[in-house]
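The values are calculated or read from the model by the stated rules, or taken from the named source; none is laboratory data. Everything quoted here is computed from the prediction, not taken from an experiment. Protein only, heavy atoms only, side chains kept; ligands, DNA and RNA dropped before computing areas. Shrake-Rupley method; radii C 1.70, N 1.55, O 1.52, S 1.80 Å.
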Amino acid sequence: MAVVTFGGAYSVLAYVAQQAVTTYNWLSPRELLNGLWMAETTPGPLIMVLQFVGLLGAYRNPGAPFIERMCGNVALTGALSEITAAVVGVFLNLAS
């Protein structure tokens, strides 16, 4: 989400809060604030908050196994394998 926003990562938090708290009821407003508080102690707070929200959402509503369905997609796994090989090549080139 932060990649496609203009104005910083914090502009996304209102949307995340609305969806996670109000729409899906994955967590309470207090839990979201606790997640934000914990994330502020680390670099990359938006990523940490989204991981926290995703963890609670998946724990409290485990009926959406998206990762398992994506693993069966041959085109997607092939593309990700090629991207992984390219990233490893870049790392090896930088290391030498």
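Go through Thr23, Thr42 and list them by solvent-accessible area, largest first, probe radius 1.4 Å. Don't skip to the end; give the middle numbers.
Working: Thr23 75, Thr42 50 Å².
Heavy-atom accessible area, descending, gives Thr23, Thr42.
So which residue, out of Ser28, Ser11, Ser81, gets the largest mean-square fluctuation from a GNM of the chain using Cα contacts under 10 Å as springs?
For the chain, modelled as a Gaussian network with Cα springs under 10 Å, the answer is Ser81.
Given 0.36 nm per residue, what is the gain on full extension from Ala95 to Glu40 after removing their alpha carbon distance, in nm?
On the way: separation 55, 0.36 × 55 = 19.80 nm, distance 3.21 nm.
Going from the current span to full extension adds 16.6 nm.
Using Cα springs under 10 Å in a Gaussian network model of the chain, which residue among Gly57, Gly35, Gly78 shows the largest mean-square fluctuation?
Greatest mean-square fluctuation among the candidates belongs to Gly78.
Report in % the part of the accessible area of the chain that belongs to carbon and sulfur, leaving out ligands and nucleic acids; probe 1.4 Å.
Details: 5050 of 7280 Å².
Carbon with sulfur: 69 percent of the solvent-accessible area.
Just to be sure I understand: with springs between alpha-carbon atoms less than 10 Å apart, which residue in Arg69, Arg30, Arg60 has the highest mean-square fluctuation in the Gaussian network model of the chain?
Evaluated over the chain, the most mobile residue of the options is Arg69.
With an 8 Å Cα cut-off and a minimum separation of 6 or more residues, compute the relative contact order for the chain in percent.
Numbers: 46 pairs, mean separation 17.5, N = 96.
This gives 18 percent for the chain.
Can you tell me the Rg and the Dmax, both Å, for the Cα atoms in the chain?
Radius of gyration, then largest Cα-Cα span, for the chain: 17.1, 51 Å.
Determine how large the accessible area of Glu82 is when every protein chain is in place; take a 1.4 Å probe and give Å² rounded to the nearest 10.
The accessible area comes out at roughly 140 Å².
Can you tell me the accessible area per residue over the chain, all protein chains present, probe 1.4 angstrom, in square angstrom?
Values: 7280 Å² over 96 residues.
On a per-residue basis, the chain sits at 76 Å².
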